[in-house]
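Notes follow the structure.
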Amino acid sequence: MTIEDLRLRHSVRTYTDRPIPAETIRKLNAAITDVNTHEAGMHFQLQTDDPAPFQGFGRSYGMFSNVRNYIACVADTSYSDYMERAGYFGMQILMKACVLGLDTCFVSGTFSASHVGARIRVGEKLLFLITLGYGSERKQTGLSGILSKLTHRNSLTPMDFLDTELSWEDICLHFPMLLQGLEAVSYAPSAMNRQPVGILIKERTSTYNPVKPSEKKSKKKAEQQQNLAAMYDSLMAEAATDTTAQGDNNGSEPPLVLQAYVPAKKPDQLIDLGIAMYSFQVAYPGSWTWGNPATFHPLPDE
């Protein structure tokens, strides 16, 4: 998986009648089985030739057309961070589908849950669907066309996701691939049709928690973020060739921390947090500690 795969992905809501080949279904099921087997509490299920969840459902009218294949994300709610983890592994499976040549879309709420063909056991919850198939090239009109434009409007730059009061020089010293990670987050889809994720860089000794209610951003912080956004184009060009920024902490814990977060008031956005975490990790090798905020651990330099 590469950042180019993320860039090429886009949400599709109108599909043709073209069936998904058996070999593609086999590979997709293998990816789903791998997640369900190794990740506790995850119970993703592929459903083919089943249009029922989107037929005759009022909130889907004009949004989705001819959806016949989907993946149901079912999760055991007794596991901690199950929503965040569902978003992360859902994005992993969605990108596998994209690499296999399928068009996709995260769907949360605009389908009939009672008509979803997946098995949901006691203690489990259906969180979202991922629609699958081959997108129609015909011109989209009405509500579906408006949603498509909103999805692809690219109004947020990678720097819009960055939350910090530290200097760019200090940040790059410890996180030299941050720009690539932010770019990957900007390409991420959203189960909630929004992008609420922030990428926080702070000193390890700082007690600031972005999830807790706090006062509005200071004027200094707002000005600093504007400056970061203005620097974005030149920094992206330099990042492709600049390999001099390397952190050296002599084996001790780094002084800066990188965290991803979403507002605490809307728990459903934890799904989007997981989606963004997976996307960030595609561009910036490392691992995450689950939670909100979630902490990123870059792979050590070889």
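The values are calculated or read from the model by the stated rules, or taken from the named source; none is laboratory data. Note that the structure is a prediction, hence the values are computed from the model and not measured. Note that each Cβ is placed from the backbone with ideal geometry, even for glycine, and that neighbours are counted across all protein chains shown.
Results, tabulated for the structure shown:
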item: First in region 70-89 and closer than 26 Å to residue 19 by Cα, second anywhere and part of a strand (DSSP E or B) and β-branched (Val, Ile, Thr), Cβ under 6 Å, 6 or more apart; result: 70/131; 71/130
item: Within region 66-101, considering residues that are of a type in the set (Ser, Thr, Tyr) and surrounded by fewer than 18 Cβ atoms within 10 Å (Cβ to Cβ), the one nearest to residue 12 (Cα to Cα); result: 77
item: Answer from 67, 74, 35 - the residue that is of a type outside the set (Phe, Trp, Tyr), assigned to a loop (DSSP other than H, G, I, E, B) and touching a strand residue (DSSP E or B) at 6+ places or on another chain (Cβ under 6 Å); result: 67
item: Test: residue in region 42-62 that is surrounded by fewer than 16 Cβ atoms within 10 Å (Cβ to Cβ), at pLDDT 95 or above and within 23 Å of residue 267 (Cβ to Cβ); result: no
item: Which listed residue is among the small types (Gly, Ala, Ser) and in a strand (DSSP E or B), from 260, 264, 276; result: 260
item: Test: residue in region 9-17 that is over 16 Å from residue 113 (Cα atoms) and part of a helix (DSSP H, G or I); result: no
